[in-house]
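Student: Following this message is one structure expressed as structure tokens.
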Amino acid sequence: MESPRPEYTAELLRHFADLRDGTHGGAVRRQDKERFFSAAITLLDSHARQVLNEINTDLLLGTGEVTATGAQPRGGGVEATWALSWPEQRAAGINPIIIRAYYSAGPDSCQIA
């Protein structure tokens, strides 16, 4: 007996079809794809902040600061970053913890790292 598929399976399959077809949410033009991506940034915002705030609260005991850029043009693409930095990390010259969503200017690609 097969177990039921997780709810997100349909979304993953749609995403894979978009990658195959060179579309994004039914959009073909780059400008429309960037609009979809920028709207997705709004949906990601609370989740990215929650993860970084949990790290700040539980591991850094509230000494850190979470920042976010929102959707910004970058290198012909669109990018959004969420960062967690804290005094000791800055003093040591170490990069903050960063979540980055990027829609590239090259071949249409969307990345979240």
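Student: With an 8 Å Cα cut-off and a minimum separation of 6 or more residues, compute the relative contact order for the chain in percent. Walk me through the numbers on the way to the answer.
Tutor: Values: 131 pairs, mean separation 19.2, N = 113.
Contact order relative to length: 17 percent.
Student: Also: Taking amide H atoms as placed 1.01 Å from N in the peptide plane, list the residues 5 or more away in sequence, or in a different chain, whose amide H sits under 5 Å from that of Gly77.
Tutor: HN-HN under 5 Å from Gly77: Ala105.
Student: Taking θ = phi - 60°, what integer Hz values does the Karplus form 6.51 cos²θ - 1.76 cosθ + 1.60 yield along the stretch 29-38, in sequence order, with x for Gly and Pro?
Tutor: Ordered by residue, 3J(HN,Hα) equals 6, 4, 4, 5, 4, 5, 5, 4, 4, 4 Hz.
Student: 7 Å from Cα along Cα→Cβ at both Gln31 and Leu13: what's the point-to-point distance in nm?
Tutor: Placing both labels 7 Å along Cα→Cβ, they lie 3.4 nm apart.
Student: Check Ile97: other-chain or 5+ apart residues with amide H under 5 Å from its amide H, H built from backbone geometry?
Tutor: Leu84
Student: Same structure, new question: Would you mind giving the average projected area, over all directions, of the Cα convex hull of the stretch 1-108 in nm² with one decimal?
Tutor: Values: hull surface 39.2 nm².
Directional mean of the projected Cα hull area for the stretch 1-108 stands at 9.8 nm².
Quick note: the coordinates plus some simple rules give every number you see, no bench work behind them. Keep in mind it's a predicted model, so treat the numbers as computed, not measured. Backbone-built Cβ (ideal geometry, glycine too); neighbour counts: all protein chains shown.
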